[in-house]
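What follows is a set of notes on a single structure, which appears directly below.
The values are calculated or read from the model by the stated rules, or taken from the named source; none is laboratory data. These figures come from a predicted structure and were not determined experimentally. Cβ placement follows ideal geometry from the backbone for every residue including glycine, while neighbour counts extend to all protein chains displayed. With ligands, DNA and RNA removed, areas are computed over all heavy atoms of the protein, side chains included. Shrake-Rupley method; radii C 1.70, N 1.55, O 1.52, S 1.80 Å.
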Amino acid sequence: MTRGLILAMLLVALFLASWGALTDSLTTDERSHLVSGMAPLVTGDFRMSPDHPPLARMWAALPLLAVRSEWPPAEGSGWHEGDFFRFGSEWLVTRNETRRLLLPPRAGMIAILLATIALTGALAARLFGLRAGLLALAAAALDPMLLGNGHLVLADVPLAAAVLAALLALQRFLERPGLLRGSAVLGALAAAALVKFSWPLVLPSLLTMAIVGARRGMPGGRRPLALLTLGAAILLPAAIWAAYGFRESAFAPGAEPDALMYRASDPGHPRPETMSDAWQTVLHDPLTAAPRRTAAAAFVRFAHERHLLPEAYLYGIAYVEKKATLRSAYLLGRHSMTGFRSYFPIAWGVKTPLGLLALFALGLAALVAGKARPSPTNPTNPTIPTVAPLATGAIVFVLLYGAAAIASHLNIGVRHLVPIEPFVLAIAGASAAWLATRFGRIAVLGSFLALFGATSVSAPHLLGFFNLAAGGIEGGPRFVADSNVDLGQDHERLRSWIARHPDEHVVLAPFDESIVPRDLDLPLLVSDDPRRTLAPLVPATYVVSVNVLLGIYQPAVRDAAWGEGGLLPAYRRLLADPNADVRTLDGFRRVRLLNRLAHRDPDDRVGASLRLFRLSPTSLAELLSP
């Protein structure tokens with residue numbers, strides 16, 4: 001019976017994730033992850049996109065070795081300078097059929113998603129019992145945060161899987177040490193170190209578990225733990241070196257001598273032209289140009305000077321920290337380059353289904369009331385304390401990871417909370433303690449049905465999910481946007497919409513024009529490429545990305561830019577000047593149109609990220625007026 005329930009829940013998750021994988025088009029982040037994973041498999045070169053370690057990316061790209069594709073030539077494609085944006089688009093969009101190259105990697109990511117869901121159920125079962133484990137697994141199988149990100153080639157769910165595996169494996173090792181169990185701990189920790197640079201946040205959790213286990217006299221304490229720690233100190237650097245082919249240089253043997261990894265640049269400064277300059281840039285503060293004094297920067301300098309780890313790994317640590325220092329963030333109609341402390345609590349609150357929030361609250365109430373609590377002893381051997389280390393390690397990880405997220409300047413999506421979502425789901429599973437009472441059964445089952453309904457109604461648009469209190473998919477972007485809503489995933493759905501409306505003249509304003517399918521040949525309202533011919537401003541159906549409407553990365557679209565002290569007076573002068581530069585006036589008119597469309601109710605919606613506006617001659621003239 002139990003196995004049947006587990007299988008049924010995993011099949012539900014498989015169906016929902018596969019639905020999204022089959023209908024979502026290539027996303028902007030998948031382009032960089034896939035080309036960064038494929039490059040070392042094809043060429044042995046790690047120059048592409050150093051913002052993540054390679055394990056999850058290479059896992060996703062591995063099936064593509066069996067799929068015929070045209071790898072772009074080095075000349076003119078962005079390969080020389082490690083430009084994963086340009087090279088990735090050239091490979092995935094221009095030279096090959098995107099869908100054929102996209103589905104096998106997504107299948108590999110769904111496998112990791114299902115493992116994460118199973119591990120979530122195992123965590124809750126170890127902490128609060130079998131019924132809690134089953135409920136947590138069922139909630140995880142319906143969680144839009146896991147499903148919406150887990151079917152895409154992203155690194156957040158793989159990190160969650162590695163962290164869960166490490167904590168559960170250490171708990172088992174503390175209970176009964178052995179070579180296989182110790183290897184499982186080391187393997188999970190090595191996987192975390194090769195998936196995301198935020199992995200060190202799990203180390204204090206593991207250390208806490210070790211201390212608790214040793215103090216309680218568990219068999220895996222003290223001497224076995226000392227051996228395990230020594231093994232970790234040896235294995236982790238070895239695993240990192242192995243992932244990069246035991247080669248310090250990021251570049252394959254025989255690479256061009258002036259090759260570059262992807263470069264960060266400071267505002268108002270030219271991009272570095274050599275790797276030496278690129279290193280200096282990632283290790284300096286973009287605001288003061290002074291050397292960064294953070295712990296990560298100090299470690300990178302120390303390790304790089306002594307050749308302790310591969311160049312690409314160390315450069316990646318510095319690059320990620322540099323990139324997170326200044327990044328456009330949006331919250332409740334406000335924009336910032338340094339983020340908001342309230343971003344992640346609000347984002348999690350509006351993007352979590354109300355049913356799951358209710359289960360989480362019921363689980364917390366069960367813990368406070370003593371209805372659900374970690375088991376103090378092992379049922380097969382009452383002399384061995386069991387889950388106290390696991391419970392303590394989970395608490396430490398959630399607190400540390402949550403605090404790091406809140407303190408971060410990188411506010412682009414709730415998906416950065418995915419590594420702590422399984423622990424939230426485990427607490428939701430603790431609400432099973434209330435099933436012993438009639439009122440409790442009504443509350444728990446009602447909350448679960450609400451979760452099921454919210455996810456079912458929103459599928460397959462789970463990346464852009466918002467709960468009903470936030471206004472759903474339509475109203476949610478007034479709270480948060482960016483990767484919470486739009487990664488460019490709805491272009492295939494737009495193709496289907498156009499097929500149903502063949503008589504409409506469509507003009508597109510995409511979030512990322514370089515991932516628009518090449519056979520979806522639509523005129524563009526705006527473009528980052530100054531050589532591109534834009535659509536004339538005529539009555540048409542304008543399809544606009546939510547991120548573009550909100551000016552997430554286009555400050556000139558925002559209301560703040562169009563006040564009396566901003567662009568509006570200049571726009572009036574240009575309209576009144578018969579000798580005004582045509583190109584300048586045209587640029588003003590386009591951003592003015594986007595600014596005004598943001599305040600207009602759309603006529604239709606495609607997926608979660610695209611809004612459609614049917615503009616007549618009268619409405620277009622009104623929107624373009626000053």
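On a full-extension model of 0.36 nm per residue, what is the gain between PHE299 and ALA324, subtracting their alpha-carbon distance, rounded to one decimal in nm?
Result for the pair: 7.3 nm of gain on full extension.
Heavy atoms only, probe 1.4 Å: what % of the accessible area of the chain goes to carbon and sulfur, would you let me know?
Values: 16500 of 25920 Å².
Of all accessible area on the chain, carbon and sulfur atoms account for 64 percent.
Efficiency by 1/(1 + (r/R0)^6): what FRET value for HIS501 and LEU308, r their Cβ-Cβ distance, R0 = 60 Å, to the nearest 0.05?
0.55
Could you give the length gained on full extension between THR274 and ALA233, defined as 0.36 nm per residue of separation minus the Cα-Cα distance, in nm? Can you show the working numbers first?
Numbers: separation 41, 0.36 × 41 = 14.76 nm, distance 3.36 nm.
Extra length available between THR274 and ALA233 comes to 11.4 nm.
Straight-line reach from LYS322: which lysines fall under 26 Å, measuring Cα to Cα and dropping same-chain residues less than 8 apart?
Here the lysines satisfying the reach criterion relative to LYS322 are LYS196.
Roughly what would the spin-label model give for ARG572 and ARG176, points 7 Å off Cα along C-beta, in nm?
Each label point is offset 7 Å from its Cα along the Cβ direction, giving 8.1 nm.
Beyond 17 Å, how much of the Cα-Cα pair distribution for the range 424-492 remains, as a whole percent?
The calculated P(r) of the range 424-492 puts 56 percent of pairs beyond 17 Å.
Given the C-alpha centroids of the range 416-479 and the range 552-584, what is the distance between them in whole angstrom?
44
Could you order THR2, THR455 so the one with the most accessible surface comes first? Probe is 1.4 Å. Working shown, then result.
Numbers: THR2 50, THR455 0 Å².
I get THR2, THR455, largest accessible area first.
Once the convex hull of the alpha carbons of the range 393-545 is built, what does its volume come to per residue, in cubic angstrom?
So the per-residue Cα hull volume is 165 Å³.
If you take the charge dipole of the range 389-501 about its Cα centre, with +1 on Lys and Arg Cβ and -1 on Asp and Glu Cβ, which of GLY402, THR392, GLY472 is farthest toward its positive end?
Positive-end residue among those listed: GLY472.
What whole-number value in Å² describes the accessible area per residue of the chain for a 1.4 Å probe?
On the way: 25920 Å² over 626 residues.
Here the per-residue accessible area is 41 Å².
Based on the alpha-carbon gyration tensor of the range 50-111 and its eigenvalue square roots a ≥ b ≥ c, which shape applies: rounded if a/c is under 1.5, prolate if not and a/b is larger than b/c, or oblate?
Note, shape of the range 50-111 comes out oblate.
For the chain, what size does the Cα cloud have along each of its three principal axes, sorted from largest down, in whole Å?
90, 65, 49
In the neighborhood of ALA391, defined by Cβ-to-Cβ distances under 11 Å, what is the net charge if each Lys or Arg adds +1 and each Asp or Glu adds -1?
Residues near ALA391 contribute +2 overall.
On a 0 to 90° scale, report how tilted helix 295-305 is relative to the longest principal axis of the chain, with both axes built from alpha carbons and the result rounded to the nearest 10.
90
Counting other C-beta atoms within 10 Å, and keeping those with at most 11, which DSSP coil trypsin sites (Lys or Arg not before Pro) do you find in the range 531-616?
On the way: sites: ARG531, ARG532, ARG558, ARG572, ARG573, ARG583, ARG589, ARG590, ARG592, ARG596, ARG600, ARG605, ARG611, ARG614; in loops: ARG531, ARG532, ARG558, ARG600.
Answer by residue number: ARG531, ARG532.
For the chain, take the longest principal axis of its alpha carbons; what is the angle in degrees between that and the long axis of helix 2-23, to the nearest 10 within 0 to 90?
On a 0 to 90 degree scale, this one is about 20.
Give me the tail of P(r) for the range 199-308 as a percent: Cα-Cα pairs with distance above 16 Å. If you can, show how the numbers build up before the last one.
Details: 4409 of 5995 pairs.
Of the Cα pairs, 74 percent sit more than 16 Å apart.
Only loop residues by DSSP count here, and only those with at most 10 other Cβ atoms within 10 Å; note down the trypsin sites (Lys or Arg not before Pro) in the range 27-110 that meet that.
Passing both the DSSP loop test and the Cβ count: ARG68.
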